[in-house]
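The values are calculated or read from the model by the stated rules, or taken from the named source; none is laboratory data. These numbers were taken from a predicted model, which means no experiment stands behind them. Every residue, glycine among them, receives a Cβ derived from its backbone with ideal geometry; neighbour counts consider all protein chains shown. These area figures cover heavy atoms from the full protein model, side chains too; ligands, DNA and RNA do not enter into them. Shrake-Rupley method; radii C 1.70, N 1.55, O 1.52, S 1.80 Å.
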Amino acid sequence: MQKMIIAEDDPMLQEVYNMKFSNSGFEVFMAENGKVALEILKKEKIDIVITDSIMPEMDGLELIKNLRGGDYDSNLRIIMLSNLSQKEDRDRVMQLGANGFIAKSDFTPAQLIVEVKKILNIA
Amino acid sequence: MNKTANEQQLDTAKSDFISIASHQLRTPLTAIKGFVSLLLEGSYGEVESKQQDVLKKIYDSNQKLINLVDDLLNISRMETGRMDFAFVSGQFEDICQKVIGIYDSKAREKGLYLEYVKSVIVLPEIMIDGDRLGEVISNMVDNAIKYTAKGGVKLKVEEKDGNIRVVVSDTGMGVLDDEMPHLFTKFSRGKDTKRLNVNGIGLGLYVGKFVVEAHGGRIWAESEGENKGSRFILELPIKTSLTITS
């Protein structure tokens, strides 16, 4: 089973994503910001990080910078799931080393799973 | 129109506000979309068909709100020069086919025909932002269906005088002379709200005009008057600096 961290500060979206990804065969760890995500990474062997962009304490960009800064497994796959959907936001995230970018409100949870699997190359 | 520094500052502040508010609005709207989808998928147990109908209505209304927020965001980007375009070589026919696919059932539900008239010649590919132009043409067709009670809507693509032209004509309520100058302005829905008893806040054509002009084209409307139908015409030059040279 793939282990996944979802960094998301909105409790409602946490519930939606947690339910959908858990039901779709992922082992999900929820983090309310980037800092918490990094703490989980110290204890768990994680395959995928899905992160929101705007979060308190440590936002998604800062989290990706940390994850790609050399101290973490470079095989760790990172997807940003954000409501900032301008091309410049997307470019920036990809430049920082994310594997994908998904505009949040464009997808239902079921479509989101399909999209995430596509990015991760898992059927 | 030249704006003073103060006016420009006010514009920027206004647009920044819309931008931030839009992001804040999207989060709960995305949550509603998520929960309703999960309910519909049966993630919280089986849902009766009547309840499913209601859930679909909630889903559709919520989607309208998401689209509205997107429109407001687009406007704030437009007005601060931050709207970005991804121009790639594209074919107008493909965009129009897609639009027809989306609106076919909507027209039929209203008892209207939706006819697609292809160009008689093969149109050249030109540099376009297909997604954004698709939204503009969708909006033209959506409006035509909205303002037509009987008859139907025709979407025609043709080459005319060195331009690619998309014409959306309908047999609907037409455009009054005093409505004409306001069609492409912000929040314009016509003064006579009784006559135009429809949803929407009048942003579609305003955004559409901006997008078309960013492609070096133009968009305008024609109508013979009340209840005589209308034609919305979008024209992009084939030979622009954006055209692909082969």
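Just for segment B:19-47: of the residues that are more than 8 Å from every other protein chain (Cβ to nearest Cβ) and open to solvent by less than 40 Å² (accessible area, probe 1.4 Å), which one is farthest from the chain's Cα centre (by Cα)?
By that ranking, first place goes to B:Gly45.
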Just name the residue that is nearest to the other protein chains (Cβ to nearest Cβ) out of those in segment B:79-91 that are buried (at least 17 other Cβ atoms within 10 Å of the Cβ) and either at pLDDT 95 or above or touching a helix residue (DSSP H, G or I) at 6+ places or on another chain (Cβ under 7 Å) (or both). B:Met83
Say whether the condition of being farther than 23 Å from B:Asp142 by Cα, exposed (fewer than 12 other Cβ atoms within 10 Å of the Cβ), free of Cβ contacts under 8 Å to residues at least 24 places away in the same chain and not basic (Lys, Arg) is met by at least one residue in segment B:56-65. no
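Listed here are the residues, each with its yes/no results for (1) over 26 Å from B:Gly216 (Cα atoms); (2) hydroxyl-bearing (Ser, Thr, Tyr).
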| site | (1), (2) |
| --- | --- |
| B:Val54 | yes, no |
| B:Asn74 | no, no |
| B:Ala86 | no, no |
| B:Ser105 | yes, yes |
| B:Ile126 | no, no |
| B:Gly134 | no, no |
Only one residue in A:Ile102, A:Ile40, A:Ile48 is touching a Leu at 6+ places or on another chain (Cβ under 9 Å), open to solvent by less than 30 Å² (accessible area, probe 1.4 Å) and over 24 Å from B:Asn67 (Cα atoms), so which one is that? A:Ile48
Here is a list of conditions, (1) assigned to a strand (DSSP E or B); (2) of a type outside the set (A, V, I, L, M); (3) within 14 Å of another protein chain (Cβ to nearest Cβ), and A:Phe29 meets all of them except one; can you say which number that is? (3)
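Return yes when A:Ser74 is touching a strand residue (DSSP E or B) at 6+ places or on another chain (Cβ under 8 Å) and not hydrophobic (A, V, I, L, M, F, W, C) and no when it is not. Please lay out each step first, then the result.
Details: touching a strand residue (DSSP E or B) at 6+ places or on another chain (Cβ under 8 Å): no; not hydrophobic (A, V, I, L, M, F, W, C): yes.
Spelling it out, it is not the case that A:Ser74 is touching a strand residue (DSSP E or B) at 6+ places or on another chain (Cβ under 8 Å) and not hydrophobic (A, V, I, L, M, F, W, C).
With the condition being farther than 18 Å from A:Phe29 by Cα, I'd like the strands (runs of 3 or more DSSP E) fully within segment A:44-123 carrying at least 3 qualifying residues. Step through it out loud before you land on a result.
Numbers: elements: A:48-51, A:77-82, A:100-103.
The strands (runs of 3 or more DSSP E) meeting that bar are A:100-103.
When segment A:84-99 is examined, which residues are found to be open to solvent by 20 Å² or more (accessible area, probe 1.4 Å) and either more than 11 Å from chain B (Cβ to nearest Cβ) or closer than 14 Å to A:Leu63 by Cβ (or both)? First the steps, then the outcome.
To start, the set of residues in segment A:84-99 that are open to solvent by 20 Å² or more (accessible area, probe 1.4 Å) comprises A:84-85, A:87-92, A:94-97, A:99.
Listed by number, the residues that qualify are A:Arg92, A:Met94, A:Gln95, A:Leu96, A:Gly97, A:Asn99.
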Which members of segment B:134-147 meet the condition of being open to solvent by less than 10 Å² (accessible area, probe 1.4 Å), in contact (Cβ under 8 Å) with a residue 60 or more places away in the chain and over 16 Å from B:Asn67 (Cα atoms)? B:Ala144
Return yes or no: is B:Asp11 in contact (Cβ under 8 Å) with a residue 24 or more places away in the chain and either away from chain A (no Cβ under 11 Å) or in contact with a helix residue (DSSP H, G or I) (Cβ under 7 Å, 6 or more places away or on another chain) (or both)? yes
